[in-house]
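Some notes on the structure that comes next.
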Amino acid sequence: MNMQLFLEQLGQYSPTLLEKIGAGKTFYVDPTNGGATGGGLTPLAATTLLTTAKGKLTTGRNDQIKLVAGATAVSLAAAFDWSLNCSHLHGEGSSSLINSRARIGQSANFSPFMTFSGYGNTFKDFYTMHGRGSATNVIGHYITGSRNKFERVHFGGPMHATEAGTATYRLIKIGPSAAELEFVDCLFGIDTIPLTAAVSLMEFEAGGSCRIRFTNCTWLCAVNAAGGQGSTFLKFNAGMGEGYIDFRGCKFINIGSAALTLGIDGTGLGNLKLYFDNHPFAGVTNVCTAGTKANVFFPTSAGLLSTNPA
């Protein structure tokens, strides 16, 4: 039963009481039907601006924003940082993972596009679209906060050939303090803009110990020519700390006509271990180099995990 309804039936409901027990306020963002001056507390008074709604949240109170699906996307004009803790951003009204109609784009060039620096937050059921034709848009999503959960989020990019041809492009960058993250049913990348330079869909910065779990997630790209064959799904910078990343039911797919040389650039893995429960790579020549093979574990025919990437 809805907590508010339950308390109303007891005759004990008040907004203050509800917030105290962890179910904070809800604000609505509707870029199609809302208004720039809307307060956001009801769907009929929805604001069109994600930044306005975010400014109304109280960190640590489990307030949430519902991003309403429709014909129009939210468009960010400047870098966006979710610095709140225990606050939530959820799409509403669109069940599709790929190209969800609850979506966020950009109307100017800046990097990073979106930063997630707070902790204990949940993000679900929306689509982000990074890239609009500038080599300055090199970082899509920068995750620096810990203990966050992303569920059914399509991290889209690069959305333009210019970013797809910029070697420093990273769709996702995970900072050294971003540990104990969880990703469920997420999609990283697109297959409609071929990569023409050696980009990385996801880069892990030096010093991170990770402890991250990915469940039923997909990394997706298209490479059709030699220029993009140096791209990787995962890149680890030198100096990674001890820890692990658990990949459960995940897939790494290059649908293009030219194979990636490596699926994983594990140069900086150090003592960090990667565990896969299947052989999920398609469109790659080698999962990783022989020198980093000892850190990458796959199931054997007996079901045991062993360092045998194919």
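Only the coordinates and a few stated rules stand behind these numbers; no lab work does. None of the values given here were measured: they were computed from a predicted structure. With ideal geometry, Cβ positions are generated from the backbone for all residues, glycine too; neighbour counts draw on all protein chains shown.
Which FRET efficiency value, to the nearest 0.05, is calculated for T122 and A79 with the Förster distance at 25 angstrom and r the Cβ-Cβ distance?
0.70
Assuming 0.36 nm per residue, please report the length gained on full extension of the stretch N286 to N224 beyond their Cα-Cα distance.
Using 0.36 nm per residue and subtracting the Cα-Cα distance, I get 20.6 nm.
Note on N33 and A259: the extension gain reaches 76.9 nm, defined as 0.36 nm multiplied by sequence separation minus the Cα-Cα distance. The order of H279, H160, H154, going from fewest to most other C-beta atoms within 10 Å of their C-beta, is H279, H160, H154. Note that the stretch 91-306, at 4 °C in a medium of 1.567 mPa s, gets a Stokes-Einstein diffusion coefficient of 76 µm²/s from its Kirkwood radius over C-alpha pairs. For the pair D191 and K251 in one chain, pulling the backbone fully straight at 0.36 nm per residue adds 20.2 nm over the alpha carbon distance.
Per DSSP helix of 4 or more residues, -39500 (n - 2.57); summed, then divided by the residues of the chain. What does that give at 222 nm, rounded to the nearest 500?
-2000 deg cm²/dmol
In summary, the lysines within cross-link reach of K293, defined as a Cα separation below 26 angstrom excluding same-chain residues under 8 places away, comprise K173, K235, K251, K273.
Among K173, K66, K293, the residue with the largest mean-square fluctuation in a Gaussian network model of the chain, with springs joining Cα atoms closer than 10 Å, is K293.
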